[in-house]
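Peer 1: Have a look at the structure that comes next, please.
Read the figures in this text as sums done on the coordinates, not as results from a lab. As the structure is a prediction and not an experimental result, all values here were calculated from the model. Here the Cβ positions follow ideal geometry from the backbone for every residue, glycine too, while neighbour counts run over all protein chains shown.
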Amino acid sequence: MSLESDIAILRKVRLFDELETDQLRLLAFGAEHRRLRAGEFVFRESARADAGFVIASGEVALIHGRGEEARVLSRHGPGTLLGELCLITETTRPASARTETDCELIRVSRPLFRRMLEEYPEFTAALHQRIRDELEAMLADIERLEGRFS
């Protein structure tokens, strides 16, 4: 994949909405590429999470549990960022990610993402506001549901 095609894929990721083309270029330049065949794991449940993965091509399933107990939670295609939270904080994977088809992935490490936050304070401020707005909306939804669980 070329740098320009990486930028086009990264532009589709909601987390990166506030980034300009030059900023996306820096992100794309610092990211790594991974090619996986169908049936391979991108990451496993409970593993330490140190990077997010943007699906450039193919389909990835998020799976909870192992063996007979494993169940597919969701399926995702190009432009999806898997592991968004781990870009911001240290965490473990809540589910496994397995390729359903041959896939190309763009791996964005936490240090690279933190560099973006440090070098582009306007991006950091916009991200902070988005997280705050989404948290407030989630809390409002929970309050609306409170009566159903009492």
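Peer 1: Can you pull the Kirkwood radius for the range 52-122, inverse mean 1/r over Cα pairs, to one decimal in Å?
Peer 2: One decimal place: 13.3 Å for the Kirkwood radius.
Peer 1: Computed over the Cα atoms, what is the radius of gyration of the range 21-73 divided by 2.2 N^0.38 Å, N being its residue count?
Peer 2: 1.43
Peer 1: For a quick check, take a GNM of the chain with Cα springs below 10 Å and name the residue from Arg34, Arg93, Arg130 with the largest mean-square fluctuation.
Peer 2: Highest fluctuation of the listed residues: Arg130.
Peer 1: Modelling each spin label as a point 7 Å along the Cα-to-Cβ direction, I'd like the Glu69/Glu122 distance in nm, to one decimal.
Peer 2: Computed distance between label sites Glu69 and Glu122 equals 5.0 nm.
Peer 1: Moving on. Per-residue ellipticity at 222 nm for the chain, helices alone: DSSP H runs ≥ 4 residues times -39500 (n - 2.57), over residue total, nearest 500 deg cm²/dmol? Walk me through the intermediate numbers first.
Peer 2: Values: 4 runs with 54 residues, N = 150.
The per-residue figure over the chain is -11500 deg cm²/dmol.
Peer 1: According to the Cα gyration tensor, what semi-axes, each the square root of 5 times an eigenvalue, does the equivalent ellipsoid of the chain have, listed from largest to smallest in whole Å?
Peer 2: 26, 24, 13
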